[in-house]
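The structure under discussion appears below in the form of structure tokens.
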Amino acid sequence: MAGLLRPATWGLFSWRGYCSRGTQGRLSAGFVEALKAVVGSPHVSTAAAVREQHGHDESMHRCQPPDAVVWPQDAEQVGRLAALCYGQGVPIIPFGTGTGLEGGVCAVQGGVCINLTRMDRILELNPEDFSVVVEPGVTRKALNTHLRDRGLWFPVDPGADASLCGMAATGASGTNSVRYGTMRDNVLNLEVVLPSGQRLHTAGRGRRFRKSAAGYNLTGLFVGSEGTLGLITAATLRLHPVPEATVAATCAFPTVQAAVDSTVHILQAAVPVARIEFLDEVMMDACNRHSKLNCCVAPTLFLEFHGSEQALAEQVQRTEEIIRHNGGSHFSWAKEAEERSRLWAARHNAWYASLALRPGCKGKLRLRDGADTCMREAELPEPICSLGPLPSGHTGRGGIAYGAATTQGYSTDVCVPISRLPEILVQTKEDLEAWRLTGTIVGHVGDGNFHCILLVDPEDPEELLRVQAFAEQLGRRALALHGTCTGEHGIGLGKRQLLLEEVGAVGMQTMRQLKATLDPRGLMNPGKVL
């Protein structure tokens, strides 16, 4: 996080040190024809608009786009593409739904973006074993729609309708992780195409066991590898029974401390809560406005319980006792599916609700760094007003040209042991006020993970410095409390320095050795994580 934002450049969203010319714009006509020979001409594009679309995720990190985009149809084609690129020294960037938040798909050295979304088959369902095998184009919503009549579901829910193999690659989690675990807990086996084109089955071909003591945990190595070690072409996932009954609730608290104390006490009382989400009063006010809720504007918990009717009654009673003991009030229980869906839709739309806190913004920002001749265009998901022209000759500090400025949203996350959660959340609220920043706090507090969504004016260098100070302080404070710099967003481009501080020199050296063993030419999603 050191250098996240620098006075002279946009370190947070910059390309200096990220982008290098590499092979950008240098793919020969013969190489492009070779790509077409593998997947067919309709499945290869070098069009500028297509390349730009595949050059960024939902973060504010930007770089030049890849040189070509290809859509393979099966794992064999992925292997041939990887071998072709690797043999010619061309970088390979895996791409799913593009919903990441740390710049994980940015083509920092150009190369070929391999879009895996057209491999969208559910290959094998084993309901008796509670497992399913999916290709990388299958999203979590599509899988759960397919499972609807089987009494099964896949509970890992990061909010976005992300691809399941992409979720494995980033080690995703979400609102249900407090009860059902993260992707690390729910991936049983992976088919991975290595940079050389070889196919690896991390737990052995066709295997779907729940546990094993056989050798190194190769599956765990690739979960969270962020596309830097290989391309995931199939995932064997653990399924869960659909609960007999579900009830959700919201409750308000007089202070942040009271809300997070209740979270800790609920978990310590062994109440099997399925979801427990925290929204600070700023976030709650934004959600009320954006999603037309009528909740009390105060630090708030969203809760959900799964189980039998009898078990739910006991869980709800015990939870109410704990919450009232900590000063909670304004209970609102939601038992009907439509009511619960509305509640959780508001939680999942927290990003858009936060963006609306600063009205009158514009849709895009363009910056140009003369040193690397890289361009970024950061677009709000829902622009509030039209884009103005880029002012001629309007340059800022450090050779950066600022134009058509807009307020931008920046989301970061950390995770700490739940016993330290009250401390860091209270401190974070104080930091937001001390640094005079507009931001919201929302998080999966049941497992110690929370997010800050900051609204940043890119034309205000002083505000950028305050964002830098806040973000660095938050990341390092989490590390000081024996936590991690990211609970679910990943490292990508933005948190490489903090990763070094988290795992230490020996840990980083070990990671680099693993990377060098599997990717000796450094062509798999270069510039990320390490």
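Out of region 161-231, which trypsin sites (Lys or Arg not before Pro) are coil in DSSP terms and have no more than 15 other C-beta atoms within 10 Å? Can you show the working numbers first?
Numbers: sites: ARG179, ARG184, ARG199, ARG205, ARG207, ARG208, ARG210, LYS211; in loops: ARG205, ARG207, ARG208, ARG210, LYS211.
The qualifying sites are ARG205, ARG207, ARG210, LYS211.
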With every protein chain in place, the accessible area of ILE418 for a 1.4 Å probe, in Å² rounded to the nearest 10, comes to 60
How much of LYS335 can a 1.4 Å solvent probe reach, expressed as accessible area in Å² and rounded to 10? 140
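Grab the alpha carbons of region 148-249, take their convex hull, and tell me the volume per residue in Å³. Let's see the in-between values first.
Numbers: hull volume 12.4 nm³, N = 102.
So the per-residue hull volume is 121 Å³.
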If the cut-off is 14 Å between C-alpha atoms, which aspartates and glutamates fall inside it for LYS292, apart from same-chain ones fewer than 8 positions away? GLU339
I want the local charge near ASN288. Using Cβ-Cβ distances under 14 Å, sum +1 for each Lys or Arg and -1 for each Asp or Glu among the other residues. +1
Whole-Hz couplings from phi, Karplus 6.51/-1.76/1.60, listed for region 220-227; x for Gly and Pro: x, 5, 8, 6, x, 7, 6, x
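Under the definition of Cα pairs under 8 Å and six or more residues apart, what whole-number percent is the relative contact order of region 99-228? Walk me through the numbers on the way to the answer.
On the way: 168 pairs, mean separation 22.7, N = 130.
After rounding, I find 17 percent.
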Work out from phi, with θ = phi - 60° and the Karplus expression 6.51 cos²θ - 1.76 cosθ + 1.60, the ³J(HN,Hα) of each residue of region 458-474, listed in order in whole Hz, and give x for Gly and Pro. x, 8, 10, x, 5, 5, 4, 5, 5, 4, 4, 4, 5, 5, 5, 5, 5
Quotient of Cα radius of gyration and Kirkwood radius for the chain, i.e. Rg/Rh, equals 0.96
If the chain between SER308 and ARG150 were fully stretched, how many nm would it gain, using 0.36 nm times the residue separation less the Cα-Cα distance? 55.1 nm
If packing is taken as the average count of other Cβ atoms within 10 Å, what order do 245-253, 462-470, 510-518 fall into, highest mean first? 245-253, 462-470, 510-518
With DNA, RNA and ligands ignored, accessible area of HIS61 (1.4 Å probe; Å², nearest 10): 10
For LYS211, which aspartates and glutamates qualify as cross-link partners when the Cα separation must be under 14 Å and same-chain residues fewer than eight apart are set aside? ASP129, ASP185
Short version: ³J(HN,Hα) in whole Hz for each residue of region 502-519, in order, from phi by Karplus 6.51 cos²θ - 1.76 cosθ + 1.60 (θ = phi - 60°), x for Gly and Pro, what are they? 6, 9, x, 5, 5, x, 5, 4, 5, 4, 5, 5, 4, 4, 5, 5, 8, 9
Note: probe point = Cα of GLU321 + 7 Å toward Cβ; backbone nitrogen < 12 Å; residues of region 271-308 passing the test are 271
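Length gain on complete extension for the stretch ASP120 to PHE331, per 0.36 nm per residue less the alpha carbon to alpha carbon distance?
On the way: separation 211, 0.36 × 211 = 75.96 nm, distance 4.19 nm.
Stretched fully, the ASP120-PHE331 segment lengthens by 71.8 nm.
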In what order, largest first, do TRP344, TRP153 sit by accessible area if the probe radius is 1.4 Å? TRP153, TRP344
Taking the Cβ of LEU188 as the centre, find all other residues whose Cβ is under 9 Å away and add up their charges (Lys, Arg: +1; Asp, Glu: -1). +4
In nm, spacing of pseudo-spin labels at GLN88 and THR46 (7 Å Cα→C-beta vector): 0.9
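The values are calculated or read from the model by the stated rules, or taken from the named source; none is laboratory data. Every value quoted in this text rests on a predicted model; they were computed, and no experiment measured them. Ideal geometry is used to build each Cβ from the backbone, glycine not excepted, and the neighbour counts take in all protein chains shown. Side chains included, ligands, DNA and RNA excluded: accessible areas come from the protein's heavy atoms. Shrake-Rupley method; radii C 1.70, N 1.55, O 1.52, S 1.80 Å.
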